[in-house]
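The structure under discussion appears below in the form of structure tokens.
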Amino acid sequence: MLHFREEIYPYAQQSMTVDELLYAGRSSYQDVLLFRNQFYGTVLVLDDVVQLTERDEFIYSEMMAHVPLLAHSHPADVLLIGGGDGCVLEEALKHQTVEKVVMVDIDETVIDLCRTHFAACHNGAFDDPRFTLRVGDGLAYARDTDEKFDLILVDGPDQTGPGDAGSTLYTPEFCRNCARMLKPEGMLLIQSDVPFHYPQSLALTHSLLRDQFQTIRIYTAPVPAYLGANMCFVYAANHNLDVSAPLREERLSDLRYYTPAIHKAAFQLPPYIADIVNKPAAQGASK
Amino acid sequence: MASDEMFFTEEQTPNVRFSVRVREKLLARQTPYQLLEVYETEEFGKLMALDGKVMLTERDELYYHEMLTHPALATHPAPRRVLIIGGGDGGTAREVLRHPSVEEVIWGEIDEAVVEAAREFFPTVCAGVFEDARVKLRVLPGETVMANLTNEIDVILVDSTDPIGPAVPLFEAPFFTACRRALRKNGIYATQCGSPFYFRAEAQSVDRHLRAVFAEVRRYLGMMPSYPSGVWSYVMAGDEPLATPREEIERRYAERELRLSYYTPDIHFASAVIPPILQ
């Protein structure tokens, strides 16, 4: 039996049986592997790191989209950096208030593969008339555009990937440009990995954002295919509006993880996570 | 890539495995009940496995033991007599004894080898509980320890292996009936209930059996990095309301001087919010 073994952390690894190989190749930017696993369904792996599985992507996608979208009084214009799989896009487009979603993703090969192989997850979101795709680098787009957004969702790769394409998204320049692209009530959201295994990601994201934004909040979600329990989302804005509870109601179809109660609960961090940003000195970083 | 001999590997499902890099195998022993293994690992500290499943690692055992123990003990206004079934590593007893009102811990662990391994390899987990005068540990099955108890226990904590395999009787109605008999009127029962993603059917059956016996059932979740899916489910039950006012939980947490790695009053309430997929 063929196995995919994720070696992102040398000391703790998960492996999944490759029950059917769907694609293995190299795009202009990264190694791409797509396979079927009996438990997780279709699995997308980029540069040997699990990105997305059919079975649990909804947890990530719902929490990345609905928490900020429902904490905003009228989100109309959304910028999605990364997210070429279309799953967060699908969730964002469920909101009646949303008029435009611009996706900036660098890797067209991955986008095309996901359009085909994750159709059950994104449900044709790529064909929505409110959607615009810009194939390119997130930082370059942020630097050059004059467009303004209510929400910027950074659905980039983890910081741990060797030579990963998303590293420019964790820079002061990118954060500064995000602050510039936001409308006054706007909000920025960045995923920041699994703090149990990689606390540096949360610490770095938090410190980068602190320089550009007055309000920063962290919330978590458990995505089983991401090793090491809950992952974090970091939320930044230049206003003091409370984001830790939904501000408005919207009839959202087919939700399996998000509820208004989950929204609030997700902001309650156990000390082992809260201490990463509150007591950085106490954090015994591992790798 | 390193060879497989350097890893402890758990088969979480037939299609998903979890491997931890190990420096040394410290113990491998077939006890009368199970295969007991202890490893020194690269990043998780020491690891104990039973029948090939990770039971605890030094690095994240606190999250599990705190969440099995404190939600139930904080829900009780003054827990004095606590009964532990299983939990031979001592971590649950350690957390119970953080509550100053506790006078006696009655404890049944079926497998003496687990207790011996804890004494030898996990001093920070058992943290002196075996020598504590309040602790009455007996090497007996949980059912036997409980057989003669009636209306005298404040909190029962079942810290067993999962609701699949040999521990199944601990998750069924006759055992729950015995628990209810052993508990005082406002007593609380709590147990771990496996991965909510991997053992959904088992959790549902536990829930059903509990509801047949107790008036109140409250499920909750916690993060557990070294366990399958990274999320763990727990459940508590009793005949009195289990939803405690926030001020009350906060007051008990402060008065009992709980300074912990995972459990806080905020987590107490947030952990009981169950997403639709797990309902």
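A straight line joining the Cα centroids of the range B:191-248 and the range A:191-240 runs 28 Å. All distinct Cα pairs of the protein assembly as shown go into the 1/r average, and the inverse of that average, the Kirkwood radius, is 24.7 Å.
Across the range B:180-250, the relative contact order, built from alpha-carbon pairs under 8 Å that are at least six residues apart, equals 40 percent.
Taking the centroid of alpha carbons for each part, the range B:44-121 and the range A:117-154 are 49 Å apart.
Taken about its Cα centre, chain A carries a charge dipole of about 780 debye when Lys and Arg each add +1 at the Cβ and Asp and Glu each add -1 at the Cβ. Entry for the range A:138-232 at q = 0.14, 0.16, 0.22 Å⁻¹: log10 I(q)/I(0) = -0.51, -0.67, -1.18, Debye formula applied to identical alpha-carbon scatterers, no solvent contribution. Structure remark: mean-square fluctuation, Gaussian network model of chain A, C-alpha springs under 10 Å; the largest value among A:Phe39, A:Phe213, A:Phe58 belongs to A:Phe39. Under 5 Å between amide hydrogens, built in the peptide plane, is the criterion, and for A:Gln30 it picks out nothing among residues at least 5 positions away or on other chains. Charged neighbours of A:Gly228, selected by a Cβ distance under 10 Å, balance to -2 (K, R count +1; D, E count -1). The heavy atoms of A:Arg256 offer some 90 square angstrom of accessible surface to a 1.4 angstrom probe. Using R0 = 22 Å, the C-beta based FRET efficiency linking A:Glu108 and A:Arg130 works out to 0.60.
Chains A and B together bury roughly 3300 Å² of accessible area, counting both sides, with a 1.4 Å probe on protein heavy atoms only.
Averaging the sequence gap over all C-alpha pairs within less than 8 Å and six or more residues apart, then dividing by the number of residues, gives the range B:105-155 a relative contact order of 53 percent. Count Lys and Arg as plus one, Asp and Glu as minus one, and take only other residues whose Cβ is under 15 Å from that of B:Thr144; the net charge is then -1.
Rounded to the nearest 20 debye, the dipole magnitude of the range A:1-156 is 120 debye, with +1 charges on Lys and Arg beta carbons, -1 on Asp and Glu beta carbons, and the Cα centre as origin.
Taking all protein chains together, B:Glu247, A:Glu7, A:Glu54 sort by accessible area into B:Glu247, A:Glu7, A:Glu54, largest first [probe 1.4 Å]. Could you identify which residue out of B:Leu170, B:Leu50, B:Leu27 has the top mean-square fluctuation in a GNM of chain B using Cα springs shorter than 10 Å? Comparing B:Leu170, B:Leu50, B:Leu27 in the GNM, the peak value goes to B:Leu27.
Full extension of the segment from A:Ala76 to A:Asn278, taken as 0.36 nm per residue of separation minus the current Cα-Cα distance, would add 69.4 nm.
Per-residue ellipticity at 222 nm for the protein assembly as shown, helices alone: DSSP H runs ≥ 4 residues times -39500 (n - 2.57), over residue total, nearest 500 deg cm²/dmol? After summing the helix terms and dividing by the residues of the protein assembly as shown, the value is -8000 deg cm²/dmol. Taking a ≥ b ≥ c as the square roots of the eigenvalues of the Cα gyration tensor, an a/c ratio below 1.5 marks the range A:56-169 as rounded.
Nearest 0.05, what FRET efficiency do B:Lys136 and B:Ala78 give at R0 = 22 Å with Cβ-Cβ as r? The formula returns an efficiency of 0.65 here. Candidates B:Val22, B:Ser226, B:Val273 compared by Cα position along the dipole of chain B: farthest toward the positive end lies B:Val273, with charges placed on Cβ.
Considering only B:Gly187, B:Leu210, B:Phe199, whose Cα is most displaced toward the positive end of the charge dipole of the range B:184-224, charges sitting on Cβ of Lys, Arg (+1) and Asp, Glu (-1)? The listed residue farthest towards the positive side: B:Gly187. Backbone geometry of the range B:184-196 corresponds, through the Karplus equation with coefficients 6.51, -1.76 and 1.60 at θ = phi - 60°, to 3J(HN,Hα) couplings of 5, 4, 9, x, 10, 9, 9, 8, 7, 9, x, 6, x Hz, x marking Gly and Pro. For the range B:155-166, 3J(HN,Hα) computed residue by residue from phi via the Karplus equation (6.51, -1.76, 1.60; θ = phi - 60°) reads 9, 10, 10, 9, 10, 10, 5, 5, x, 10, x, x Hz, glycine and proline entered as x. Among B:Pro100, B:Pro228, B:Pro32, the residue with the largest mean-square fluctuation in a Gaussian network model of chain B, with springs joining Cα atoms closer than 10 Å, is B:Pro32. Per residue of B:222-235, other chain Cβ atoms within 10 Å of the residue Cβ number 5 on average. In this structure, the amide hydrogen of B:Thr41, modeled 1.01 Å from its nitrogen in the peptide plane, lies closer than 5 angstrom to those of B:Arg23, B:Lys46, B:Leu47, counting only residues at least 5 positions away or on a different chain. The relative contact order of the range A:63-182, computed from alpha carbon pairs under 8 Å that lie at least 6 residues apart in sequence, is 29 percent. For the range B:218-273, the gyration tensor built on C-alpha atoms gives an oblate shape. Its axis ratio a/c (a ≥ b ≥ c) is at least 1.5, and a/b is not larger than b/c. Residue-wise HN-Hα couplings along the range B:136-143, as the Karplus relation 6.51 cos²θ - 1.76 cosθ + 1.60 with θ = phi - 60° gives them from phi, are 10, 8, 10, 7, 8, x, x, 4 Hz; Gly and Pro carry x. Each Lys and Arg contributes +1 and each Asp and Glu -1, all at the Cβ; summed about the Cα centre of the protein assembly as shown, the dipole is approximately 1460 debye. Relative to the longest principal axis of the Cα atoms of chain B, helix B:200-213 runs at roughly 30 degrees. Straight-line cross-link partners of A:Lys183 among the aspartates and glutamates, defined as a Cα under 16 Å from its Cα and at least 8 positions apart when in the same chain: A:Asp77, A:Glu99, A:Asp146, A:Glu147, A:Asp150. From the Cα gyration tensor of chain A, with a ≥ b ≥ c the square roots of its eigenvalues, which class applies: rounded if a/c is under 1.5, or else prolate if a/b is larger than b/c, or else oblate? It is rounded, given that a/c, with a ≥ b ≥ c, falls under 1.5.
The values are calculated or read from the model by the stated rules, or taken from the named source; none is laboratory data. None of the values given here were measured: they were computed from a predicted structure. Here the Cβ is made from the backbone with ideal geometry for all residues, glycine too, and neighbour counts use every protein chain on show. All accessible areas refer to the heavy atoms of the entire protein, side chains included, with ligands and DNA or RNA removed. Shrake-Rupley method; radii C 1.70, N 1.55, O 1.52, S 1.80 Å.
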